[in-house]
Amino acid sequence: QVQLVESGGGSVQAGGSLTLSCTGSGNTFSTFCMGWFRQAPGKEREWVATIYTRTGGTYYLDSVNDRFTISQDGAKVTLYLQMNSLKLEDTAMYYCAADPNPSVCRKTTDFDYWGQGTQVTVSS
């Protein structure tokens, strides 16, 4: 079992920065990949970024790939999402997720474990 807890959300002005954290517990070392998703009210959950645990390879949603950075700590216990140059459209509930099985790691159905979410609100 893997448990995930997000933190670091809050309110920030457009153009500002925010870093989200996701701390894992349980058998985190067996995770194949981890990802960040976001969901705004009335919209489907949207993939944001993926990191492959063993290789460190990363992939991003086109609209954030020049502003966001996904990373893990050395022990691969904590997942981060550094968000720079935040825009109003980045406002959403952000979720971290873990997939113990090999997959593309871009779809919600690829991931077996989810955190509770942390709210990010960007204002002008």
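The values are calculated or read from the model by the stated rules, or taken from the named source; none is laboratory data. Predicted model, so just to flag it, every value in this text is computed and none were measured. Every residue, glycine among them, receives a Cβ derived from its backbone with ideal geometry; neighbour counts consider all protein chains shown. Each accessible area value is taken on the protein alone, full model and side chains, heavy atoms only, with ligands, DNA and RNA left out. Shrake-Rupley method; radii C 1.70, N 1.55, O 1.52, S 1.80 Å.
Pick from A49, A98: which is more than 19 Å from V12 (Cβ to Cβ), open to solvent by less than 20 Å² (accessible area, probe 1.4 Å) and in a strand (DSSP E or B)? Don't jump to the end; show me each part of the working.
Working: A49 fails: more than 19 Å from V12 (Cβ to Cβ).
Answer to the check: A98.
Please indicate, with yes or no, whether at least one residue in segment 103-114 is open to solvent by less than 40 Å² (accessible area, probe 1.4 Å) and in a strand (DSSP E or B).
Residues of segment 103-114 that are open to solvent by less than 40 Å² (accessible area, probe 1.4 Å), as a first pass: 103, 105, 110-111.
Now restrict to residues that are in a strand (DSSP E or B): none.
No - not one qualifying residue is present in segment 103-114.
Specify the residue that is most open to solvent (accessible area, probe 1.4 Å); the eligible residues are those in segment 67-77 that are modelled with pLDDT under 95 and not in a strand (DSSP E or B). I'd like the intermediate steps shown before the answer.
Looking only at segment 67-77, we keep the residues that are modelled with pLDDT under 95, and these are 72-77.
Keeping just the survivors that are not in a strand (DSSP E or B) gives 73-77.
Values: D73: 44, G74: 82, A75: 52, K76: 66, V77: 49 Å².
It comes out as G74.
Got at least one residue in segment 110-122 being of a type outside the set (F, W, Y), closer than 14 Å to C33 by Cβ and within 12 Å of the chain's Cα centre (by Cα)?
No, because not a single residue in segment 110-122 is of a type outside the set (F, W, Y), closer than 14 Å to C33 by Cβ and within 12 Å of the chain's Cα centre (by Cα).
Does Y80 satisfy the criteria of being surrounded by 14 or more Cβ atoms within 10 Å (Cβ to Cβ) and within 12 Å of the chain's Cα centre (by Cα)?
When the stated conditions are applied, Y80 passes them.
M93 passes all but one of (1) outside any strand (DSSP E or B); (2) open to solvent by 30 Å² or more (accessible area, probe 1.4 Å); (3) at pLDDT 95 or above; (4) among the hydrophobic types (A, V, I, L, M, F, W, C); which number fails?
Looking at each condition in turn, M93 falls short on (1).
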